[in-house]
Amino acid sequence: MITSATPATEECSASATPTIATEREQGHIEALSARYTKEPRTDRSELDQAHADAMRELADAYPDDLDAATLFAESLMNLVLWDYWDENGQPRAGTAERYAAQWNRPLGAAPTSTLTMTAGISERLD
């Protein structure tokens with residue numbers, strides 16, 4: 001079970017889901033619950049970081065789960081929304097190192113899956 005998803009777990013958690021969900025599926029629910037609260041926030045940085053931490057933990061716990069790998073990579077991108085490229089169209093310093101390894105795993109395993117096709121950044125990082 002994911003342990004780092006603290007901000008929203010008091011309000012929403014996998015423990016409230018039907019027991020038919022697998023532990024892996026509950027991990028996805030817990031990680032997603034770290035991203036949202038009942039009340040909208042102007043500053044989402046704490047929630048975005050908690051979601052990225054939870055997705056990292058989930059992706060590490062289930063290395064064959066390409067959805068977890070893809071959603072982890074996406075969660076990292078949410079930490080610096082829309083600030084990946086400089087004015088010349090080049091990746092900002094550290095961008096390639098930060099994201100390429102995370103995107104390459106799901107893209108290499110399932111390059112035409114719906115989730116990995118959303119990774120437009122990946123083709124520019126190779």
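The values are calculated or read from the model by the stated rules, or taken from the named source; none is laboratory data. Small disclaimer: the values here were computed from a predicted structure and weren't measured. Cβ sites come from the backbone with ideal geometry, for glycine too, and all protein chains shown count toward neighbours.
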Practice task
Please verify whether segment 31-51 includes one or more residues that are hydrophobic (A, V, I, L, M, F, W, C) and modelled with pLDDT under 90.
Solution key: no
Practice task
Restrict the check to segment 63-73 and report whether at least one residue is more than 26 Å from Gly94 (Cβ to Cβ) and of a type in the set (Gly, Ala, Ser).
Solution key: no
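Quick check on this structure: which one of Arg98, Arg124 is among the charged types (D, E, K, R), modelled with pLDDT under 80 and buried (at least 18 other Cβ atoms within 10 Å of the Cβ)? If you could, list the steps in order and put the result at the bottom.
Details: Arg124 fails: buried (at least 18 other Cβ atoms within 10 Å of the Cβ).
Just one listed residue meets the conditions, Arg98.
When the residues of segment 56-87 are narrowed to those that are assigned to a helix (DSSP H, G or I) and in contact with a Gly (Cβ under 9 Å, 6 or more places away or on another chain), which ends up nearest to Glu46 (Cα to Cα)? Walk me through how you get there before you give the answer.
Within segment 56-87, the subset assigned to a helix (DSSP H, G or I) is 56-61, 66-80.
Then keep just the ones that are in contact with a Gly (Cβ under 9 Å, 6 or more places away or on another chain); that gives 57-58, 61, 68.
Details: Glu57: 17, Leu58: 18, Ala61: 23, Ala68: 20 Å.
Checked segment 56-87; the qualifying residue nearest to Glu46 (Cα to Cα) is Glu57.
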